[in-house]
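Written out below as structure tokens is the structure these notes cover.
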Amino acid sequence: MTMTPGSSSRGVLDGIVVADFSRVLAGPYATMLLADMGATVIKVESPTGDDTRAWQPPVRDDQATYFLSVNRNKHAIALDLKNDDDLATAHKLLGKADVFIENWKPGGLEKFGMDPAAVAQRYPHLVHASITGFGTNGGAHLPGYDLLAQAASGLMDITGEPESGGQKAGVAIFDVVTGLHATVGILGALQERQLSGKGQHIAVNLMSSALSGLVNQTSAYVAGGVVPTRMGNDHPSLAPYGPFAAGDQPLIIAVGNDGQFRRLAAALGVPELADDERYATNPARNAHREQLRAELEVHLQHKTASEWVEELRHVQIPCSEVFTIAQGVEFAQDIGLEPVQPAGAEQVPTVKHPIEYSRSQVTYDKAPPQLNEDADAILAWLHEDGPRRFDADMVTSRNNGG
């Protein structure tokens, strides 16, 4: 990364230590974001490792790409909390950490003295983030799988064609949203700790994150009493907004206002459509969306999707071809977003951190770790009386007589 004048080579969370007892996706995604921003993340796994280490295929060098996607920049140690020595090590880590994040089942950490009440009493400085599937009350017994949240929240019911059954999203979207919410909560609690000197407990769950993440769809029911239905690729409030058949393949057109529609009609050679009372306003276009689709597709047939993209973007009409994941990564590269960032000395390809800072640095210093990879350095740091800051290179050098 090229640093600008007045910039800092440190991440915004430099000096913050995160004890990461989470696994699979929501928690590890949150802690990877924190690690990218400069926090020291100690990833604590069971002796058998994070479940996603075995979620194969696909793989890279015998490592599951699922695990690689959310675990860069972390230092790994394996602990069996049923073992007294390992449990003591876990508590030493909590004593030196600033943040403790876990996604155990509600009540599962109580026998280890690591439940919210015990942590608040023993480690009042800690920001403790708990991730569950459906909260700690009536849904405490429900397993926290993203697919269940997609089903229970209504996302599956509004996804797919009207005549089809419910369809899940192509990614564990609510795990990701919950991970983002956990990150926001942690950052807020760290800021508040600056003022009060005290940590606090943060609770997030997949179901609440799902309902929040469904935004306008949930609001349609909560505020308007409307139960959203499946509309395929159409939008409930905008038209034209979705895929339309061009000369060779679908073309995405996303018209958000009347001015954009007027420019679209002119670009297609039928400016009179913008003055047609059926299409002149967004509510009218919504009421006549099928007639409008037929009108537009007659004219879209004259050129390929890529030709239309070039022409429509020239007049500022939001549009796109429908890409594969591979084409999407290539497109991001073409427009200068640098979506692939190699991590660590191993140069493991990872997806770029989504935030850019004008002064501070986002790092890709460490590849996703092997199981228990950093145990010696972590244990040496935990048992010394030195600073709370963990530096694996410094500890390793000192252990080797450096």
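A short reminder: the numbers here are calculations on the coordinates, not readings from a lab. Quick caveat, the model's predicted, so the values are computed rather than measured. Virtual Cβ from ideal backbone geometry, glycine too; neighbours counted across all protein chains shown.
Worth a mention:
- Computed over segment 312-371, the P(r) curve from all C-alpha pair distances, binned at 5 Å from the origin, holds 4, 14, 17, 19, 18, 11, 9, 4, 3, 1, 0 percent per bin.
- Nearest 10 degrees, 0 to 90: helix 325-334 Cα axis against the chain principal axis: 90 degrees
- Rel. contact order, % - alpha carbon contacts under 8 angstrom, at least six apart, segment 202-286: 19 percent
- In percent, rounded to a whole number, the relative contact order of the chain is 19, using alpha-carbon pairs under 8 Å and six or more apart.
- The DSSP beta bridges internal to the chain are antiparallel in roughly 40% of cases.
- With each label modelled as a point 7 angstrom along the Cα→C-beta vector, the ASN216-SER358 pair spans 3.1 nm.
- Expected 222 nm ellipticity per residue - DSSP helices of 4 or more, -39500 (n - 2.57), all of the chain, to 500: -11000 deg cm²/dmol
- Under 11 Å, Cβ to Cβ, from ALA287 - net charge with Lys/Arg +1 and Asp/Glu -1: +1
- Of the residues THR281, ALA254, ALA265, the one whose Cα sits farthest toward the positive end of the charge dipole of segment 241-331, with +1 on the Cβ of Lys and Arg and -1 on the Cβ of Asp and Glu, is THR281.
- Scaled radius of gyration (Cα, divided by 2.2 N^0.38 Å) that segment 241-331 gives: 1.06
- Potential extension, ASN372-ASP258 segment - 0.36 nm per residue separation minus Cα distance: 35.2 nm
- Over 18 Å (Cα to Cα) - which of LYS111/LYS198; LYS74/LYS96; LYS96/LYS198; LYS43/LYS96; LYS82/LYS366; LYS43/LYS168 fall in this group: LYS111/LYS198; LYS82/LYS366; LYS43/LYS168
- Per residue, the convex hull around the alpha carbon atoms of the chain comes to 190 Å³.
- In degrees, nearest ten, helix 173-196 long axis to first principal axis of the chain (Cα): 50 degrees
- Top of GLU346, GLU277, GLU330 by mean-square fluctuation, Gaussian network on the chain, Cα under 10 Å: GLU277
- For the chain, modelled as a GNM whose springs connect Cα atoms under 10 angstrom apart, the maximal fluctuation among LEU214, LEU34, LEU25 occurs at LEU214.
- Remark: the chain carries a charge dipole of roughly 1020 debye about the Cα centre, counting +1 on each Lys and Arg Cβ and -1 on each Asp and Glu Cβ.
- Inter-probe distance in nm under a simple model that places probes 7 Å from Cα toward Cβ, at ASP61 and ASP275: 6.6 nm
- Given charges at beta-carbon only (K, R positive; D, E negative), |dipole| of segment 241-331 in Debye: 200 debye
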